[in-house]
Each structure stands twice: as structure tokens, then as C-alpha cells.
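Heads up, the thing below is written out as C-alpha cells.
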Amino acid sequence: MTVKEIFDAVLAFDEATVTGKTQAELDGGTDIDAILNDGLISAMDEVGERFSSGELFVPEMLMAAQAMKAGLAILKPHLSAGQSQSKGVVVIGTVKGDLHDIGKNLVSMMMEGAGFEVVDLGVDVESEAFVKTAAEKNAQVIALSALLTTTMPSMESTVKAVKEAGMATRTIIGGAPVTQAFADQIGADGYSADAPGAVKLVKELVA
Amino acid sequence: MMINRAIINFDKSILDQIHNRSLELLQDCGIRFPSEKALEVFRSKGFRANGQTVYFEEKAIIDALGTVPAQFTIKARNPEKSICIGGGDYMMAPGYGPPFIIETTGEKRDATLEDVHKFCKLVQTSKCLDFNSSIVVQPNDVPTETAHLDILLGTILLTDKPLMGSTSSEVAALDSLRLAEKIWGNTNDPVMISLVDSLSPLQYADESVESLMVYAKAGQPVVVHSACSLGTTGPITIAGSLVISNATTLAGICLSQLLNPGTPIVYGLGGSPTEMRTGGYVNASPEDAKHTAIVTALARYYGIPCRSQGALTESFCLDYQAGMESAMMMTTAALSGVDVSLHTCGTYGSMLAMSFEKFIADEDLCGSLKKLIKPVEFSEEAFAMDLIKELGTSGNYLMQNHTMKRCRTAFFEPVLSTRAIHIKWQQMELREMDKRAGKILADRLSSYEKPDIDPMLERDLVRYVEQRKGV
């Protein structure tokens, strides 16, 4: 029952064991879907729950996500087109004029850990770059971050640009000065006050 | 065994270590300045640069520190309210930057320009606040690009205490100088102070650097401040945090002195824990307070004035937590010898909201600390030897002239805190602190009087702002 050991190793933040056991299972002919879903992804679901309840600290959650990704990298070349490599594509970035990226990085790591493909455009990102990348990657969600009140208008212009481009991509926003009321005002499709909430929101939006 | 509970023993070898390791970072890692204007200054002075990263040799830092004045005076519109920074007094300004107001109901709402004006009136009538903030709150009902003009105009007209200039952009800094020029003419004397924050780790944002350059060229004082979230934007250890932020602050100070040797600088450095369950920023902790104490020692080591955080709290209401955290932060600053604090009145949770009632409560804290740090008088009269001998064991000091002469000035008298006996407290109409603060607030605002200003100057200031806003 070594798929369970992969699950346990993710929860122990033990990257070496995750990669070792994943490779061993792969070599032993275990079903890839079982390794992926019962080992890696379900472990990250458990990590997400333990993090949300306050049991796990951020560095521990991030190390678990890193261990999970290392395991996933081993599986990737063997996944067929039909096998679900990701739950969806999220384009994320801190909006134009804003250089703060801690919150954005946290959300990005948690989304990857939850099984999404995340395209991180970094900080100080123009509206056009969000629109262009989302179109190229066929993203389901664009996630916008801002820490400064002075850069919140850039969120509005980005949401507007997405709508004007006629894309089906949903927009979500977050950051210390941002509120649900502001999200409603600028016509964003969602808001979350924290990183676990953002992951839950994206899961709902792509469902 | 001798017990020493000082946060830092003023052991020069520790300060030497922090300084030398900071120099090591400045030489090996450098500091990122994403501004072509700043890079041009560094390159023209022969600094080594790689892309936007500038490297600093020890001599450049020592030379820069050598030209920073130990003290300076900022003129107020009312000369009686000018302030000396670095002269031994503790100068205080209210909250800086929150976009929200939290009401006594616990509800959070966007701050408005009317809130800015109300806070200006409170600063003007405050017995403990010495100067204004440039963003006491960030108003949400005026355009972001010109909000600094609305705030500055309101501050100049509603108060006659010293100002802070805006650092939200280079243009905002220039606007701040233009408005000051209308009051003081073209002067190199300090007439405002500004806050330039770095962007941890080891870099500055372009608007901060370019604002710093505007003020330095004009000889106007700047608080150069670096702080990291421990474990997020800097090392989780206080020693590591001190080194990374000290290096960043020293680089900013160096730029100011390259542009204009002698530019008045206030040294600033902070560090706050990361809430490890969320990754959020936490302030008002023992770790923040430790930074304050050590940073004050570092500023003394460099011989320049020092800034610390103020009455911070993670609470959202006027409860024990708000009072406890604010008092820990402010008391540490006061006893460590900090020269300047921002955020001393009105701040709630992670500096994201202001509260009018907390402002009133913090004034009691600030006032009591100013009394706490005032030197005790040890004159012949103060020892009162003759009186003690005369009265012996039978004395009633209440009946003596020595007491009579001093009974209105000897003790700090809180405005908000209660000193009533229990039965009187039970009978109080407004027993809860936030309700009593609300009553004081209403009285303060209704009795506020606008300070005198030359009508021509007022028109000139209003016209400038209107023109810039395209009204």
C-alpha cells in the first residue's frame, strides 16, 4: 500500500520520499491515476483542510505543495492527454503599479497544490498581459492581487479589459485593502479574504 | 547575580556586527533601485551597478552617514508649533495610510476626504500630537491620482502644525513642494517631512526612490524606513531582519546624501512577525517592540535621529488587546529614546483601519508617555527637605503652598481614562470606553476653530490644487 506512503510523505513535507515512492510505484506498474489522485492530490486536499483549520503553518503547507509538485513532475511525462493533469488553468498576477507579491505567491502555491495549472505573471502586470495570457492558455480564471489602495483602480481596468475582450474567463480579486463590495463594484466574479478561500472560490468557479 | 532585563545591552560589539554584516550585504547582494534617475546618480558617482542593482562600498556608506545632521527643525505654519527632531523630545504623528474606518459597531467602511478633515481637526486640537500625517487615511471618494492634493490642502488649511509631504509618486512629491513654496517661498529650510519605505527584501519601489530624490534635492527631511515581515520578506530571526533592513535603509540614506549632502534624515527600521497560520502581516508584537529598542540603539550608533512604529494593534475595537498592544509598542519606543513615531493615534488591525474613538484613547497613552519620559526634577525645591522636616509625622501636605502651587501641573491627567471610585463609575451615564471617547470626540470637533491664515495665501493654495486637478 505504497500509494498511501506517498500520501503520508506529502503530509510529512518529505520531498525525497515522495519522489522515491512515486518513482517506485510507477516502475512497479501501479495505475497512474491512483498515484496521482489517491497519493498526491488527495494528500494536498488533506493539507488544504489542515491549513484552513489552523493546524498547519504556511511554511509547512508550502513544503507539502513543493513535495507534491516534485511527485507530479515524475508522473507528468507518463500522463496521457485524457488524464487530468490539472483541474483548470489560472492566470495570476499583481496588478499594474503594485510590486507586492507575498499574498499573490501564497495563493499561487496553494492553487498549484490543489491541482490547478497556475501561470504567474509576477508583479506590476498590465491589463493586456492578463488578457493575452489567459487567451493563449485558455484559462478559466484570472486572479488579481493588490496591496495598495492606489493600485486598486488597475483591478477595475483589468476586469473591464477581460469583459471587453469578450472572454468567458472569470476574474477574482484579493489583497489587504480589497473587499467584496469593491469586487461587486468593478464587476469581478469573486473575492476572497485569504489564500485557502481563493482556492475554494476557484474550485467553485470552474466546477 | 545581577539581573539585566534590557532588550539590548548597549554592547558596541553587537552593533558593530549588525553594521558590518549590513555592509557585507551592500557589497555582495546590493540593493535594487528600479529607477533610471536613481541609477544615473549612482553611476555618475562611480558606484558598481548590475542592471538595477547597485553595490555599495563601506566608504560610500560612512561618507553618507557623516553628512546626515544629528538634529534639525521643521517649520510649522504657526512658528510656535515648529518641531525639533533629534533634540531629545519624542515627536508624534497620527495614523498613516489606512484605507478604512472602523466604527464602534465594528463595521468597516471606506475612508473619505471628510474623515481626513475630521482627523486634521483632531490633530490641530491635540495636546500630544506634534505633526500631521500625509495620509492619515486614504480617501476613497476622490481620484487616487490627485488625492494627495486634497489631503495636503485640507491639512494646511485646517491645522498649523508641521506637515508631511506625499511620497505616492514623484509628481505628488513635487506638488507637496509647490504647495509649501506658497507658504514659505523658495527655501532650503525644512518645512515638511516625508516617509520613504523600502520594498523588502533589499529593494525600493520606483515611486519611493523618485520621491526621495525630489525631497533630498530640495533639502527636505525624509524618514528612510525599511521593514520586513519576519519569515516572509526577510529572515524569521530578528538578527537577520536587522541586517537586511539596515542594509536597505543605509542604501536609501546614501542616495539622499549623494544628491544633497546634509539632507536631514530620520533612520527607520522595523520588523514584524508573519502570522504563520495565514501568511498575514502582524504587528504590535514583542518582536516588533524588540526591533524598536535595538533600532534606537543603532540610530544612536550612527548619530542620527530615529523613527519607530506607534500605537499599533491587531484588534478592531477599543478592548484590552488594543490597549495592551498599543501600550507595549509606545512604551518601548518612549523608553528606548525614539525621536519620531508615526501611527501614534487611531490605528486598528495591521494598520489597515483608523478609528476616531481609538484616536482619543491613544491620546491618553501618548500624553502619559510624554510625561513618563520627562526628566524628574531634582532641585532644592523639589526635594522639599524643609517641608518634610517641618511636618514630620503629623503633616497634611494637602494644606501646604508647596502642594497648592503644583496641584494642577504635577500629575498627568487623563482625558478618557477613569479614576472614579466604584460607585461613581457604576453611576456613569457612559461607562464603556468607546462611548466616553465618542462624547469627547464630539466635543472636540464642535469646539474646533480653524487656525488663522492669510486669505490671499488660502486662495493661492486652493487655486493651485484646482488647477492641478483640472477643476
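The values are calculated or read from the model by the stated rules, or taken from the named source; none is laboratory data. On a predicted model such as this, the values are computed, not experimentally measured, just so you know. We place every Cβ from the backbone using ideal geometry, glycine too, and count neighbours over all the protein chains shown.
Scanning the range B:14-38 for residues that are over 29 Å from the mean Cα position of the chain (by Cα) and in a helix (DSSP H, G or I) turns up B:E24, B:Q27, B:D28, B:E36. B:A251 fulfils the conditions (1) within 14 Å of chain A (Cβ to nearest Cβ); (2) more than 19 Å from the chain's Cα centre (by Cα) except for a single criterion, (1). None of B:S326, B:S315, B:S308 is out of contact with any Phe, Trp or Tyr (no Cβ under 7 Å at 6 or more places or on another chain), farther than 30 Å from B:I62 by Cβ and either hydroxyl-bearing (S, T, Y) or not assigned by TED's automatic domain parsing to the domain that holds B:T233 (or both) except B:S326.
Scanning the range B:169-195 for residues that are among the basic types (K, R) and either surrounded by 19 or more Cβ atoms within 10 Å (Cβ to Cβ) or not assigned by TED's automatic domain parsing to the domain that holds B:S341 (or both) gives no hits.
If the condition is being surrounded by 16 or more Cβ atoms within 10 Å (Cβ to Cβ), within 13 Å of another protein chain (Cβ to nearest Cβ) and not hydrophobic (A, V, I, L, M, F, W, C), then the range A:51-69 contributes A:S52, A:E60.
Yes/no matrix, rows are residues, columns are (1) small (G, A, S); (2) closer than 18 Å to B:E363 by Cβ; (3) in contact (Cβ under 8 Å) with a residue 24 or more places away in the chain; (4) surrounded by fewer than 19 Cβ atoms within 10 Å (Cβ to Cβ):
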site	(1), (2), (3), (4)
B:G279	yes, no, yes, no
B:N283	no, no, yes, no
B:A289	yes, no, yes, no
B:I294	no, no, yes, no
B:T313	no, yes, yes, no
B:T331	no, yes, yes, yes
B:G346	yes, yes, yes, no
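When the residues of the range B:433-451 are narrowed to those that are assigned to a loop (DSSP other than H, G, I, E, B), in contact (Cβ under 8 Å) with a residue 40 or more places away in the chain and not hydroxyl-bearing (S, T, Y), which ends up nearest to B:W184 (Cα to Cα)? Among them, the one singled out is B:P451.
Here is a yes/no grid of residues against (1) part of a loop (DSSP other than H, G, I, E, B); (2) over 17 Å from the mean Cα position of the chain (by Cα):
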position	(1), (2)
B:A299	no, no
B:I304	yes, no
B:R307	no, no
B:A311	yes, no
B:F316	yes, yes
B:M330	no, no
B:A333	no, no
B:H343	yes, no
B:E357	no, yes
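B:I373 meets each of the listed conditions (1) surrounded by 12 or more Cβ atoms within 10 Å (Cβ to Cβ); (2) of a type in the set (A, V, I, L, M, F, W, C); (3) over 24 Å from the mean Cα position of the chain (by Cα) apart from (3). Of the residues B:S176, B:S226, B:S194, B:S245, the single one that is at pLDDT 95 or above, out of contact with any helix residue (DSSP H, G or I) (no Cβ under 7 Å at 6 or more places or on another chain) and of a type in the set (G, A, S) is B:S245. Applying the criterion of being in a helix (DSSP H, G or I), more than 14 Å from chain B (Cβ to nearest Cβ) and not basic (K, R) to the residues of the range A:157-178, the residue that is farthest from A:S108 (Cα to Cα) is A:E164.
Hey, among the residues in the range B:50-108 that are polar (S, T, N, Q) and within 20 Å of the chain's Cα centre (by Cα), which one's farthest from the other protein chains (Cβ to nearest Cβ)? The selected residue is B:Q71.
Out of curiosity, is A:A188 assigned to a loop (DSSP other than H, G, I, E, B), touching an Asp or Glu at 6+ places or on another chain (Cβ under 9 Å), of a type outside the set (K, R) and assigned by TED's automatic domain parsing to the domain that holds A:G115? So A:A188 passes the test. A:I102 falls short on exactly one of the conditions (1) within 19 Å of B:T233 (Cα to Cα); (2) at pLDDT 85 or above; (3) buried (at least 17 other Cβ atoms within 10 Å of the Cβ), and that condition is (2). Listed conditions (1) in contact with a strand residue (DSSP E or B) (Cβ under 9 Å, 6 or more places away or on another chain); (2) at pLDDT below 95; (3) under 26 Å from B:S350 (Cβ atoms) are all met by A:Y191, apart from (2). Somewhere in the range A:143-153, is a residue more than 14 Å from chain B (Cβ to nearest Cβ), under 23 Å from A:L72 (Cβ atoms) and either touching a helix residue (DSSP H, G or I) at 6+ places or on another chain (Cβ under 7 Å) or in contact (Cβ under 8 Å) with a residue 60 or more places away in the chain (or both)? Yes, some residue in the range A:143-153 is more than 14 Å from chain B (Cβ to nearest Cβ), under 23 Å from A:L72 (Cβ atoms) and either touching a helix residue (DSSP H, G or I) at 6+ places or on another chain (Cβ under 7 Å) or in contact (Cβ under 8 Å) with a residue 60 or more places away in the chain (or both).
Taking (1) under 30 Å from A:A193 (Cα atoms); (2) outside the structural domain of A:L147 (by TED's automatic domain parsing) in turn, A:D31 satisfies each apart from (1). Can A:F116 be described as under 24 Å from A:P59 (Cβ atoms), of a type outside the set (K, R) and either away from chain B (no Cβ under 14 Å) or surrounded by fewer than 21 Cβ atoms within 10 Å (Cβ to Cβ) (or both)? Yes; evaluated as a whole, the condition is true for this residue. Out of B:S198, B:S166, B:S134, one residue alone is buried (at least 19 other Cβ atoms within 10 Å of the Cβ), over 20 Å from B:K75 (Cβ atoms) and within 14 Å of chain A (Cβ to nearest Cβ). It is B:S198.
Of the listed requirements (1) assigned to a helix (DSSP H, G or I); (2) surrounded by fewer than 17 Cβ atoms within 10 Å (Cβ to Cβ), A:G122 misses just one: (1).
Scanning the range A:135-156 for residues that are over 22 Å from A:I102 (Cα atoms) and assigned to a helix (DSSP H, G or I) returns A:A135, A:E136, A:K137.
Cβ-Cβ distances below 8 Å connect the following pairs, each with a first residue in the range A:91-102 that is within 9 Å of another protein chain (Cβ to nearest Cβ), a second residue that is in a strand (DSSP E or B) and among the β-branched types (V, I, T), and a separation of six or more residues or different chains: A:H100/A:T94. Residue count for the range B:414-438 under the criterion of being surrounded by 14 or more Cβ atoms within 10 Å (Cβ to Cβ), among the basic types (K, R) and farther than 17 Å from B:L365 by Cβ: the result is 1. When A:D45 is tested against (1) among the acidic types (D, E); (2) surrounded by fewer than 16 Cβ atoms within 10 Å (Cβ to Cβ); (3) at pLDDT 90 or above, just one condition goes unmet, and that condition is (3).
Every condition in (1) surrounded by 20 or more Cβ atoms within 10 Å (Cβ to Cβ); (2) within 27 Å of B:E275 (Cβ to Cβ); (3) modelled with pLDDT of 85 or more holds for A:L72 except the one numbered (2).
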